[in-house]
Amino acid sequence: MDTGKKRILTGDRTTGKLHLGHYVGSLKSRVELQDAYDTFILLADIQALTTHFENPQLLNESIFDVAIDNLSVGLDPNKVTIVQQSAVKSIAEMTIFYSMLVSVNVLRHNPTIKTEAKQYGYSDMSYGFLGYPVSQTADITFCNADLVPVGEDQLPHIELSRRIVRKFNGMYGTSIVEPQAKLSEVSRLAGLDGNAKMGKSLGNAVYLSDTAKEVDQKVRKAVTDPARVTVDIPGTPEICNVGKYHKIFTPDECDNIWEMCRTAKIGCVACKKKLTNSLNTLLDPMREKRAYYEAHMDEVKDIIVSGTKKASAIGDAQVETMRQAMHLTI
Ligand code: TRP
(Lines give C-alpha, C1' and ligand atoms only; values in the text may rest on other atoms or scores of the structure.)
Protein backbone atom coordinates (compact mmCIF):
# COMPACT_ATOMS: atom_id res chain seq x y z
CA MET A 1 0.00 0.00 0.00
CA ASP A 2 1.41 3.35 -1.00
CA THR A 3 0.70 5.85 1.74
CA GLY A 4 2.12 8.79 -0.19
CA LYS A 5 4.44 9.48 2.73
CA LYS A 6 8.16 9.76 2.37
CA ARG A 7 10.11 6.73 3.46
CA ILE A 8 12.60 6.09 6.18
CA LEU A 9 14.86 3.09 6.31
CA THR A 10 17.32 2.48 9.06
CA GLY A 11 18.60 -0.54 10.87
CA ASP A 12 20.79 -2.22 13.41
CA ARG A 13 23.24 -5.05 13.20
CA THR A 14 21.97 -8.09 15.03
CA THR A 15 25.07 -8.64 17.10
CA GLY A 16 23.53 -8.17 20.55
CA LYS A 17 21.25 -5.90 22.49
CA LEU A 18 20.96 -2.20 21.79
CA HIS A 19 22.18 0.44 24.22
CA LEU A 20 21.69 4.11 25.08
CA GLY A 21 24.07 5.14 22.29
CA HIS A 22 21.73 3.54 19.76
CA TYR A 23 18.81 5.23 21.47
CA VAL A 24 20.08 8.81 21.30
CA GLY A 25 21.74 8.26 17.91
CA SER A 26 18.83 6.76 16.04
CA LEU A 27 16.01 5.04 17.91
CA LYS A 28 14.68 8.22 19.47
CA SER A 29 14.25 9.89 16.08
CA ARG A 30 12.69 6.74 14.64
CA VAL A 31 9.96 7.03 17.25
CA GLU A 32 9.51 10.76 16.65
CA LEU A 33 9.27 10.30 12.88
CA GLN A 34 7.13 7.18 12.68
CA ASP A 35 3.91 9.10 12.09
CA ALA A 36 5.25 11.42 9.44
CA TYR A 37 7.18 8.78 7.48
CA ASP A 38 6.55 5.32 6.15
CA THR A 39 9.23 3.65 8.28
CA PHE A 40 11.25 0.49 7.65
CA ILE A 41 13.50 -0.94 10.37
CA LEU A 42 16.04 -3.46 9.21
CA LEU A 43 17.30 -6.25 11.43
CA ALA A 44 20.68 -6.35 9.71
CA ASP A 45 21.68 -9.97 10.10
CA ILE A 46 23.75 -10.07 6.90
CA GLN A 47 25.73 -7.05 8.01
CA ALA A 48 26.14 -8.77 11.39
CA LEU A 49 27.64 -11.75 9.57
CA THR A 50 30.43 -9.55 8.22
CA THR A 51 31.97 -9.43 11.70
CA HIS A 52 30.30 -12.34 13.52
CA PHE A 53 30.15 -15.07 10.87
CA GLU A 54 31.62 -17.54 13.35
CA ASN A 55 28.80 -17.05 15.83
CA PRO A 56 25.50 -17.61 13.97
CA GLN A 57 23.72 -18.58 17.18
CA LEU A 58 24.28 -15.10 18.60
CA LEU A 59 22.97 -13.51 15.42
CA ASN A 60 19.86 -15.62 15.51
CA GLU A 61 19.04 -14.67 19.10
CA SER A 62 19.87 -11.06 18.41
CA ILE A 63 17.26 -10.82 15.66
CA PHE A 64 14.64 -11.04 18.39
CA ASP A 65 16.61 -8.90 20.86
CA VAL A 66 16.95 -6.08 18.36
CA ALA A 67 13.33 -6.35 17.25
CA ILE A 68 12.18 -6.14 20.88
CA ASP A 69 14.56 -3.25 21.58
CA ASN A 70 12.95 -1.33 18.72
CA LEU A 71 9.44 -2.17 19.85
CA SER A 72 10.20 -1.35 23.48
CA VAL A 73 11.27 2.23 22.75
CA GLY A 74 7.84 2.91 21.32
CA LEU A 75 7.90 1.98 17.66
CA ASP A 76 4.37 0.93 16.83
CA PRO A 77 4.18 -2.33 14.86
CA ASN A 78 1.01 -1.07 13.19
CA LYS A 79 2.93 1.86 11.76
CA VAL A 80 6.45 0.62 11.08
CA THR A 81 7.69 -2.31 9.03
CA ILE A 82 10.29 -4.48 10.75
CA VAL A 83 12.35 -6.50 8.31
CA GLN A 84 14.84 -9.37 8.49
CA GLN A 85 17.58 -8.36 6.08
CA SER A 86 18.79 -11.84 5.03
CA ALA A 87 15.27 -12.86 4.00
CA VAL A 88 14.95 -10.01 1.50
CA LYS A 89 16.63 -11.57 -1.52
CA SER A 90 16.54 -8.42 -3.61
CA ILE A 91 19.05 -6.80 -1.21
CA ALA A 92 21.63 -9.45 -2.14
CA GLU A 93 20.94 -9.01 -5.83
CA MET A 94 21.17 -5.24 -5.67
CA THR A 95 24.42 -5.51 -3.72
CA ILE A 96 25.96 -7.38 -6.65
CA PHE A 97 24.76 -4.77 -9.14
CA TYR A 98 26.06 -1.89 -7.05
CA SER A 99 29.38 -3.59 -6.40
CA MET A 100 30.41 -2.90 -10.02
CA LEU A 101 30.17 0.83 -9.39
CA VAL A 102 32.45 1.09 -6.36
CA SER A 103 36.21 0.89 -6.32
CA VAL A 104 38.07 -1.13 -3.73
CA ASN A 105 40.14 1.94 -2.91
CA VAL A 106 37.14 4.03 -2.03
CA LEU A 107 35.98 1.33 0.37
CA ARG A 108 39.41 0.99 1.91
CA HIS A 109 39.52 4.70 2.65
CA ASN A 110 36.12 4.81 4.32
CA PRO A 111 36.89 6.16 7.82
CA THR A 112 34.24 4.06 9.58
CA ILE A 113 35.50 0.86 7.95
CA LYS A 114 39.03 1.80 9.05
CA THR A 115 37.97 2.45 12.66
CA GLU A 116 35.94 -0.74 12.85
CA ALA A 117 38.66 -2.86 11.27
CA LYS A 118 41.06 -1.60 13.93
CA GLN A 119 38.51 -2.22 16.66
CA TYR A 120 37.96 -5.81 15.52
CA GLY A 121 41.70 -6.33 15.06
CA TYR A 122 41.49 -7.16 11.35
CA SER A 123 44.89 -7.11 9.72
CA ASP A 124 43.31 -8.52 6.59
CA MET A 125 39.60 -7.79 6.08
CA SER A 126 37.15 -10.05 4.36
CA TYR A 127 35.62 -8.99 1.08
CA GLY A 128 32.21 -9.05 2.78
CA PHE A 129 33.28 -6.72 5.57
CA LEU A 130 35.04 -4.28 3.25
CA GLY A 131 31.95 -4.19 1.08
CA TYR A 132 29.25 -3.82 3.72
CA PRO A 133 28.60 -0.16 2.82
CA VAL A 134 27.63 -1.42 -0.65
CA SER A 135 25.19 -3.89 0.85
CA GLN A 136 23.93 -1.07 3.08
CA THR A 137 23.20 0.94 -0.06
CA ALA A 138 21.01 -1.92 -1.22
CA ASP A 139 19.31 -1.93 2.22
CA ILE A 140 18.43 1.71 1.87
CA THR A 141 17.39 1.72 -1.76
CA PHE A 142 15.37 -1.49 -2.15
CA CYS A 143 12.43 0.57 -0.89
CA ASN A 144 13.60 3.95 -2.25
CA ALA A 145 14.11 5.39 1.23
CA ASP A 146 14.32 9.18 1.35
CA LEU A 147 15.71 9.54 4.85
CA VAL A 148 18.10 7.48 6.99
CA PRO A 149 18.24 8.39 10.70
CA VAL A 150 21.71 7.41 11.88
CA GLY A 151 24.55 8.33 14.17
CA GLU A 152 27.53 10.26 12.91
CA ASP A 153 29.68 7.16 12.26
CA GLN A 154 27.31 6.21 9.45
CA LEU A 155 27.71 9.43 7.45
CA PRO A 156 30.50 8.12 5.19
CA HIS A 157 28.25 5.19 4.28
CA ILE A 158 25.29 7.37 3.39
CA GLU A 159 27.55 9.58 1.30
CA LEU A 160 28.73 6.48 -0.56
CA SER A 161 25.13 5.36 -1.04
CA ARG A 162 24.32 8.69 -2.64
CA ARG A 163 27.26 8.38 -5.00
CA ILE A 164 26.32 4.85 -6.00
CA VAL A 165 22.69 5.78 -6.63
CA ARG A 166 23.69 8.81 -8.68
CA LYS A 167 26.04 6.70 -10.76
CA PHE A 168 23.50 3.93 -11.26
CA ASN A 169 20.72 6.32 -12.25
CA GLY A 170 23.05 8.22 -14.57
CA MET A 171 24.24 5.07 -16.25
CA TYR A 172 20.97 3.15 -16.60
CA GLY A 173 18.34 5.88 -16.60
CA THR A 174 16.56 4.67 -13.47
CA SER A 175 15.16 6.94 -10.79
CA ILE A 176 16.21 5.28 -7.58
CA VAL A 177 15.85 7.73 -4.71
CA GLU A 178 19.08 9.33 -3.47
CA PRO A 179 18.88 8.94 0.30
CA GLN A 180 19.65 11.60 2.88
CA ALA A 181 21.12 11.07 6.32
CA LYS A 182 19.24 12.45 9.29
CA LEU A 183 21.58 13.09 12.19
CA SER A 184 20.04 13.24 15.61
CA GLU A 185 20.83 16.05 18.05
CA VAL A 186 23.20 13.78 19.94
CA SER A 187 24.80 11.78 17.19
CA ARG A 188 27.41 10.16 19.37
CA LEU A 189 27.19 9.16 23.01
CA ALA A 190 30.45 8.88 24.95
CA GLY A 191 30.90 6.00 27.37
CA LEU A 192 30.48 6.63 31.11
CA ASP A 193 34.02 5.27 31.45
CA GLY A 194 35.36 8.24 29.48
CA ASN A 195 35.75 6.36 26.19
CA ALA A 196 34.77 8.52 23.23
CA LYS A 197 31.99 6.12 22.28
CA MET A 198 29.53 3.81 23.97
CA GLY A 199 29.87 0.44 22.32
CA LYS A 200 28.91 -3.17 22.74
CA SER A 201 32.44 -4.30 22.04
CA LEU A 202 33.95 -1.57 24.26
CA GLY A 203 32.34 -3.05 27.38
CA ASN A 204 30.93 0.30 28.52
CA ALA A 205 27.34 0.07 27.38
CA VAL A 206 24.16 0.79 29.31
CA TYR A 207 21.63 -1.46 27.62
CA LEU A 208 18.01 -0.56 27.05
CA SER A 209 17.27 -3.94 28.61
CA ASP A 210 19.31 -3.30 31.77
CA THR A 211 17.42 -3.49 35.06
CA ALA A 212 17.18 -0.43 37.31
CA LYS A 213 19.78 -2.04 39.54
CA GLU A 214 22.21 -2.63 36.66
CA VAL A 215 21.85 0.99 35.59
CA ASP A 216 22.56 2.09 39.16
CA GLN A 217 25.71 -0.07 39.30
CA LYS A 218 27.00 1.19 35.97
CA VAL A 219 26.42 4.84 36.84
CA ARG A 220 28.13 4.40 40.21
CA LYS A 221 31.26 3.25 38.36
CA ALA A 222 31.24 6.22 35.98
CA VAL A 223 34.45 8.24 35.79
CA THR A 224 33.80 11.85 36.86
CA ASP A 225 35.93 15.02 36.83
CA PRO A 226 39.31 13.65 38.01
CA ALA A 227 40.22 16.95 39.69
CA ARG A 228 37.29 16.61 42.06
CA VAL A 229 38.96 14.42 44.63
CA THR A 230 36.72 15.54 47.50
CA VAL A 231 33.20 16.95 47.65
CA ASP A 232 34.33 20.44 48.66
CA ILE A 233 36.42 20.94 45.50
CA PRO A 234 34.33 22.70 42.81
CA GLY A 235 33.82 20.55 39.69
CA THR A 236 33.94 21.20 35.95
CA PRO A 237 30.74 19.58 34.69
CA GLU A 238 31.50 20.17 31.02
CA ILE A 239 34.43 17.77 31.18
CA CYS A 240 32.67 15.25 33.43
CA ASN A 241 31.03 12.17 31.87
CA VAL A 242 28.14 12.34 34.31
CA GLY A 243 27.78 16.08 33.65
CA LYS A 244 27.59 15.42 29.92
CA TYR A 245 24.96 12.75 30.46
CA HIS A 246 22.83 15.15 32.51
CA LYS A 247 22.81 17.49 29.53
CA ILE A 248 21.25 14.74 27.45
CA PHE A 249 19.16 12.82 29.96
CA THR A 250 18.25 15.49 32.57
CA PRO A 251 17.85 18.49 30.25
CA ASP A 252 15.39 20.44 32.40
CA GLU A 253 17.45 20.32 35.55
CA CYS A 254 20.87 20.33 33.94
CA ASP A 255 21.73 24.04 34.38
CA ASN A 256 20.96 23.73 38.04
CA ILE A 257 22.99 20.54 38.49
CA TRP A 258 25.98 22.04 36.67
CA GLU A 259 25.80 25.15 38.84
CA MET A 260 25.70 23.05 42.02
CA CYS A 261 28.71 21.07 40.80
CA ARG A 262 30.67 24.24 39.99
CA THR A 263 29.97 25.62 43.44
CA ALA A 264 30.58 22.31 45.21
CA LYS A 265 26.99 22.19 46.46
CA ILE A 266 26.46 18.69 45.13
CA GLY A 267 28.88 15.80 45.34
CA CYS A 268 29.50 13.14 42.69
CA VAL A 269 27.56 10.47 44.54
CA ALA A 270 24.38 12.58 44.72
CA CYS A 271 24.90 13.77 41.16
CA LYS A 272 25.17 10.17 39.98
CA LYS A 273 22.02 9.27 41.86
CA LYS A 274 20.18 11.97 39.94
CA LEU A 275 21.48 10.54 36.68
CA THR A 276 20.41 7.03 37.64
CA ASN A 277 16.94 8.43 38.31
CA SER A 278 16.80 10.16 34.93
CA LEU A 279 17.93 7.05 33.09
CA ASN A 280 15.49 4.83 34.91
CA THR A 281 12.67 7.29 34.25
CA LEU A 282 13.49 7.01 30.56
CA LEU A 283 13.87 3.24 30.65
CA ASP A 284 10.90 2.32 32.85
CA PRO A 285 8.21 2.59 30.16
CA MET A 286 10.51 0.67 27.81
CA ARG A 287 10.84 -2.06 30.42
CA GLU A 288 7.07 -2.35 30.53
CA LYS A 289 6.75 -2.74 26.77
CA ARG A 290 9.66 -5.17 26.73
CA ALA A 291 7.96 -7.35 29.35
CA TYR A 292 4.84 -7.44 27.19
CA TYR A 293 6.71 -8.51 24.04
CA GLU A 294 8.86 -11.02 25.89
CA ALA A 295 5.68 -12.66 27.05
CA HIS A 296 4.32 -12.62 23.47
CA MET A 297 7.17 -13.90 21.36
CA ASP A 298 4.79 -15.30 18.74
CA GLU A 299 3.53 -11.79 18.16
CA VAL A 300 7.11 -10.54 17.71
CA LYS A 301 7.77 -13.29 15.19
CA ASP A 302 4.60 -12.42 13.27
CA ILE A 303 5.63 -8.76 13.16
CA ILE A 304 9.00 -9.70 11.64
CA VAL A 305 7.57 -12.25 9.21
CA SER A 306 4.86 -9.95 7.88
CA GLY A 307 7.24 -6.98 7.67
CA THR A 308 9.75 -9.06 5.76
CA LYS A 309 7.08 -10.26 3.35
CA LYS A 310 6.01 -6.71 2.62
CA ALA A 311 9.63 -5.60 2.15
CA SER A 312 10.37 -8.53 -0.15
CA ALA A 313 7.53 -7.58 -2.48
CA ILE A 314 8.78 -3.99 -2.65
CA GLY A 315 12.37 -5.11 -3.21
CA ASP A 316 11.41 -7.60 -5.93
CA ALA A 317 9.73 -4.82 -7.88
CA GLN A 318 12.79 -2.59 -7.47
CA VAL A 319 15.14 -5.32 -8.71
CA GLU A 320 12.88 -6.01 -11.68
CA THR A 321 13.10 -2.34 -12.67
CA MET A 322 16.87 -2.46 -12.33
CA ARG A 323 17.21 -5.68 -14.33
CA GLN A 324 15.22 -4.17 -17.15
CA ALA A 325 17.23 -0.97 -17.07
CA MET A 326 20.41 -3.03 -17.19
CA HIS A 327 19.15 -5.16 -20.09
CA LEU A 328 19.41 -8.31 -18.03
CA THR A 329 16.01 -9.60 -19.05
CA ILE A 330 15.68 -11.97 -21.99
N1 TRP B 1 25.58 0.05 9.78
C2 TRP B 1 24.51 0.29 10.71
C3 TRP B 1 25.13 0.26 12.11
O4 TRP B 1 26.18 -0.31 12.31
C5 TRP B 1 23.41 -0.73 10.63
C6 TRP B 1 22.69 -0.74 9.31
C7 TRP B 1 22.58 -1.78 8.46
C8 TRP B 1 21.98 0.36 8.72
N9 TRP B 1 21.85 -1.45 7.36
C10 TRP B 1 21.48 -0.13 7.50
C11 TRP B 1 21.77 1.69 9.08
C12 TRP B 1 20.75 0.70 6.64
C13 TRP B 1 21.03 2.50 8.24
C14 TRP B 1 20.54 2.00 7.03
O15 TRP B 1 24.53 0.77 13.02
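The values are calculated or read from the model by the stated rules, or taken from the named source; none is laboratory data. Just so it is clear, the model here is predicted, and its values are computed rather than measured. Every residue, glycine among them, receives a Cβ derived from its backbone with ideal geometry; neighbour counts consider all protein chains shown. With ligands, DNA and RNA removed, areas are computed over all heavy atoms of the protein, side chains included. Shrake-Rupley method; radii C 1.70, N 1.55, O 1.52, S 1.80 Å.
Things worth noting here:
- For the criterion of being surrounded by fewer than 17 Cβ atoms within 10 Å (Cβ to Cβ), more than 30 Å from VAL206 (Cβ to Cβ) and assigned by TED's automatic domain parsing to the domain that holds ASP76, VAL319 fails.
- Near pairs, Cβ below 8 angstrom, 6+ apart or cross-chain, from region 91-102 (of a type outside the set (Phe, Trp, Tyr)) to any residue that is in a loop (DSSP other than H, G, I, E, B): ILE91/PHE142; MET94/PHE142; THR95/GLY131; SER99/GLY131; VAL102/GLY131
- Hey, ASP139 under 30 Å from TYR292 (Cα atoms), surrounded by 15 or more Cβ atoms within 10 Å (Cβ to Cβ) and either of a type in the set (D, E, K, R) or touching a Cys at 6+ places or on another chain (Cβ under 6 Å) (or both) or not: yes
- Total residues in region 74-106, condition closer than 17 Å to SER26 by Cβ, open to solvent by 20 Å² or more (accessible area, probe 1.4 Å) and among the aliphatic types (A, V, I, L, M): 0
- Qualifying residue in region 219-226 (condition: touching a residue at least 12 places away in the same chain (Cβ under 8 Å), open to solvent by 40 Å² or more (accessible area, probe 1.4 Å), aliphatic (A, V, I, L, M) and outside any helix (DSSP H, G or I)): yes
- Within region 1-26, if we keep just the residues that are over 23 Å from ARG287 (Cα atoms) and more than 13 Å from the ligand (Cβ to nearest atom), the residue that is surrounded by the most Cβ atoms within 10 Å (Cβ to Cβ) turns out to be LYS6.
- Long-range neighbours under 7 Å by Cβ, at least six apart or interchain, first residue over 12 Å from PHE168 (Cβ atoms) within region 136-147, second open to solvent by 10 Å² or more (accessible area, probe 1.4 Å) and near the ligand (Cβ under 8 Å from one of its atoms): GLN136/GLN47; ASP139/GLY11
- Between LYS182, LYS200, LYS118, LYS167, the distinction of being closer than 23 Å to GLY25 by Cβ, away from the ligand (no atom under 13 Å from the Cβ) and not hydrophobic (A, V, I, L, M, F, W, C) belongs to LYS118 only.
- Selection from region 166-213 of residues that are of a type in the set (Ser, Thr, Tyr) and closer than 23 Å to SER72 by Cβ: SER184, SER187, SER201, TYR207, SER209, THR211
- All of ASP146, ASP139 fail the test of being under 21 Å from ARG30 (Cβ atoms) and within 11 Å of the ligand (Cβ to nearest atom), apart from ASP139.
- Take the conditions (1) of a type outside the set (A, V, I, L, M); (2) open to solvent by 20 Å² or more (accessible area, probe 1.4 Å); (3) in a helix (DSSP H, G or I); PRO251 misses just one of them, which is (3).
- When GLY194 is tested against (1) more than 16 Å from the ligand (Cβ to nearest atom); (2) in contact (Cβ under 8 Å) with a residue 60 or more places away in the chain, exactly one condition is not met: (2).
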